[in-house]
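I have placed the structure first, in the form of structure tokens, so that the comments after it can refer back to it.
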Amino acid sequence: MTHHLGANQYGKAETRVVRIVRDSPVHEIRDLNVSTTLRGDFAAAHVAGDQAAVLPTDTQKNTAFAYAKLNGVDSPEDYALALARRLLDACPAARQAQVRVEQYAWDRIGDHSFVRRGGGVRTAVVTVGPDEAHVLSGVEDLVLLNTTDSEFKGFLRDEFTTLAEADDRILATALVARWRHTTTDAGRETDWNASYDAALATLLSTFAGTYSRALQETLHAMGGALLDAQDGLAEVRFSAPNKHHFLVDFSPFRVDGLTNDGEVFVAADRPYGLIEAQVVRDDAPPAGDAWLGVPGFC
């Protein structure tokens, strides 16, 4: 039987990098979870145990720490681009370097005191090659809920369908969203922080302002609104688990006058519907390897 080595990559996963800026009495904090990946000609390491072309994952970890100081962390995108380019330069056998960053938010409660903020986690995935760079910005674990203005009816039925139609229901999800930038030319400045803040505001306002006949419709509206708002985006991808809320049945309770008029629900964590979709600008350039190695649909 013959065989050959297929696609492969390696790197350092989940390096926790915390950067404190202390250049004034009022400190700043950047709290990151950084994963690096190299792709290229590493066949010798697999078939012959020859590590001559391999940049150790420990070195990748150390570089992630060093670049938090040397490059700073004004935005996860800028930091990831600088780190990816450094790793690509440091490893001649690599044809691409990918850096994935999750940034955790902290709220200030003093000049040098903070409290960890709940809500979504900002993300960035950059893939850098010799002649191109792809940037995916995004958010995950963004828990959203509408208490009304959502329905679900008119769906296909068969002999196993028991779901009742709903004219008014809770719509909730823990959203993962990533959007692909086209404005990554060398020397072209992008205000990643402003872009992210505006994107998040667009997603939130669209979710809040859309009457939903299905979660799919809401996601499509959110993606379209984001592309309309930012010309430098090519596409948006969503992964949205439907966080079901079921009305509690009070009828077995022996309490006179106890009714549940859409007020008390049980939040079920599993199983759950999972809706995934992308919204793409008609004239968007192809994604190339931008999504390669990004976990899940997003």
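Brief remarks on what is shown
- The angle between the Cα long axis of helix 215-229 and the main principal axis of the chain comes to about 50°, on a 0 to 90 degree scale.
- A 1.4 Å probe over all protein chains sorts MET222, MET1 by accessible area into MET1, MET222, starting with the largest.
- Computed from phi, the 3J(HN,Hα) profile of the range 16-27 under the Karplus parametrisation 6.51, -1.76, 1.60 (θ = phi - 60°) reads 8, 10, 10, 10, 9, 9, 10, 7, 8, x, 9, 7 Hz, with x in place of Gly and Pro.
- Packing around the peptides 255-263, 13-21, 269-277, 165-173, taken as the average count of other Cβ atoms within 10 Å per residue, puts them in this order, highest first: 165-173, 13-21, 269-277, 255-263.
- 3J(HN,Hα) couplings calculated from phi for the range 138-149 with the Karplus curve 6.51 cos²θ - 1.76 cosθ + 1.60 (θ = phi - 60°) are, in sequence order, x, 8, 9, 6, 8, 7, 10, 8, 10, 7, 7, 6 Hz; Gly and Pro show x.
- Partners of LYS61 within straight-line reach, counting aspartates and glutamates whose Cα lies under 12 Å from its Cα and excluding those fewer than 8 residues away in the same chain: GLU14.
- The candidate values were (1) 41, 25, 20; (2) 32, 27, 20; (3) 27, 23, 18; the one computed from these coordinates for semi-axes √(5λ) of the Cα gyration tensor in Å carries the label (1).
- For the peptides 22-32, 93-103, the ranking by packing is 93-103, 22-32, with the highest mean count of neighbouring Cβ atoms within 10 Å listed first.
- Look at where the Cα atoms of the range 1-49 and of the range 171-227 average out, and the two centres are 27 Å apart.
- With contributions of -39500 (n - 2.57) from each DSSP H run of at least four residues, the per-residue ellipticity at 222 nm computed over the chain stands at -7000 deg cm²/dmol.
- Radius of gyration, Dmax [the range 97-136; alpha carbons; angstrom]: 15.0, 44
The values are calculated or read from the model by the stated rules, or taken from the named source; none is laboratory data. Everything quoted here is computed from the prediction, not taken from an experiment. Positions of Cβ are generated from backbone atoms using ideal geometry, with glycine treated the same way; all protein chains shown enter the neighbour counts. Quick note on the areas: whole protein, heavy atoms, side chains included, nothing else; ligands and nucleic acids left out. Shrake-Rupley method; radii C 1.70, N 1.55, O 1.52, S 1.80 Å.
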